[in-house]
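Heads up, the thing below is written out as structure tokens.
Read-outs: derived from the displayed coordinates by stated rules, not from any lab. Remember, it's a predicted structure, so these values are computed and weren't measured experimentally. Cβ sites come from the backbone with ideal geometry, for glycine too, and all protein chains shown count toward neighbours.
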Ligand code: B12
Ligand code: SF4
């Protein structure tokens, strides 16, 4: 338990508990809002969800700071601070936590990184929340006001996503995000890709009751939605039920799904009919060997060209994500992949450098093989090379990734892709111009000179 007496001395008695929830910035946001003046971001749900979970029997004033859009005040005035850490933001999270604790403010750490490496995070926190916090965060707060906060709270085996309050989206300024109507219907994933944190941190899929998802959309009065689900079609029957329920709402939406979306005609038809206008698909690689190596061999069963053709035929724009640096990748992979993105008219291609997030099978493998170049987590952001690739130098991997970005986002590349796809043209053009700027400023904004290479 922390040494500080809470301002709210018992349930409902005394001043409300002042809770500050922070999502620290990562390397991408070293430069305030990143590379764009106004943040080209959707509103994350982490802090707004945690705010909604503060139980009514713990009177509290909750303040949210998303460092992607806000500055954290130099002087923090709070009774309890909760910090959410992903791997890339872990060093900043620990630095903040250590500073606040030195000032006598108790700190709770949670999120995917503390869930993956709890022993590391524990030393920076008065309390650690491991896993999803729907049950544990309210319990922690009740313990805190009684002066009985424990050092660690773990997600229980029977966590349900039913009957939860809607996220407190009102606590973040909608105008600073390009999409403020974000939501989740599901969590987790059925697959076990070797580089992905989802199987290690959260495992099996679970769903919110469809009626509750619909109720959230109705109360938001939203027309344009973004689902932040890790894989919205992880449970196909649930996805079909959800898409059917969205049809009468006449919304448009985007989300994340595997390429399996285009392999089930009924599912794809329902997605399109329910208003799906854009989908992020992790294609990862065009090379079968790389897909197999990363336990995603199922990804290309029917060929990515056909998958892209079907998605486009249903008027669904595709944000196609590729990863470079697998053991089967040689230096030809960059040109080959960028050319594929142009030929197949991927609306918004993205290229990341393979990142062995701690807690994943990929991390264990590379560590065992002595191939990790650093365990400074601030470089674990998908754009820095943090391991020794099998078939090229680290510098070749960094430079090749940058070349792929530049090829896909050259003016002729943008024109070639968009003229062939012609989907969501105004939005797609704006996003492409944003990414074009990003592609041509990668080294500047990622501070590559102070990086590893
Ligand atoms: C919004 C988002 C972002 C935002 C904000 C990130 C941030 N700082 O949180 C932006 C766009 C900046 C971003 C960037 C990136 N992201 Co991102 N992002 C997401 C996304 C889609 C949604 C997060 C969300 O709102 N979830 C819903 C909430 C309710 O769930 P949650 O955050 O897990 O929170 C729950 C628990 O974890 C817990 N909890 C979380 N924090 C705390 C704190 C406290 C105090 C407590 C008590 C509990 C608690 O309680 C919540 C309720 O149960 C997730 C995927 C996902 N669906 O989670 C990926 C995800 C977090 N991102 C990921 C990745 C890989 C990236 C990038 C590297 C991608 C890239 N190549 O650009 C970059 C990294 C940037 C960096 N600085 O390093 C990975 C994380 C991997 C890791 N080990 O860090 C995820 C999990 C996606 C994935 N498929 O693997 N991302
Ligand atoms: S399909 Fe996507 S979310 Fe699921 S384990 Fe693989 S990379 Fe992770």
- [ ] With label points built 7 Å along Cα→Cβ from the Cα atoms of residue 139 and residue 374, find their separation and express it in nm.
- [x] 3.8 nm
Open item on the list: If neighbour count is taken as other Cβ atoms inside 10 Å, put 232, 217, 86 in order from fewest to most.
Closed with: 217, 86, 232
Open item on the list: Output needed: percent of Cα pairs per 20 Å distance bin for the chain, bins running from 0 to the one holding the longest distance.
Closed with: 24, 58, 17, 0
Open item on the list: Cut-off is 10 Å between beta-carbons; in what order do 321, 196 appear when sorted fewest neighbours first?
Closed with: 321, 196
Task: Distance between the stretch 272-325 and the stretch 418-433 - C-alpha centres, whole angstrom - done: 18 Å
- [ ] Please give the length that would be gained between residue 247 and residue 263 if that part of the chain were fully extended, namely 0.36 nm times their separation in residues minus their C-alpha to C-alpha distance (nm, one decimal).
- [x] 3.7 nm
Task: For a label point 7 Å along the Cα-to-beta-carbon line of residue 178, residues of the stretch 257-275 with backbone N under 19 Å - done: 257
Open item on the list: Can you give me the Rg/Rh ratio for the stretch 248-329, using Cα atoms for both radii and the Kirkwood formula for Rh?
Closed with: 1.02
- [ ] Would you calculate a helix-derived [θ] at 222 nm for the chain, using -39,500 (n - 2.57) for each DSSP H run of n ≥ 4 and dividing by the full residue count, to the nearest 500?
- [x] -10000 deg cm²/dmol
TODO: Just the number, please: percent antiparallel of the DSSP beta bridges in the stretch 169-450, rounded to the nearest 5.
DONE: 10 percent
Task: For the stretch 17-154: Kirkwood Rh in Å [reciprocal of mean 1/r, alpha carbons] - done: 15.1 Å
Task: Separation of the residue 71 and residue 146 label points, Cα + 7 Å toward Cβ, nm - done: 4.2 nm
Task: Ascending count of other beta-carbon atoms within 10 Å, so fewest first, for 276, 193 - done: 193, 276
Task: Whole-angstrom gap from the stretch 107-138 to the stretch 42-104, using each part's C-alpha centre - done: 13 Å
TODO: Compute the distance in nm between two label points, each set 7 Å from the Cα along the Cα-to-Cβ direction, one at residue 95 and one at residue 163.
DONE: 4.4 nm
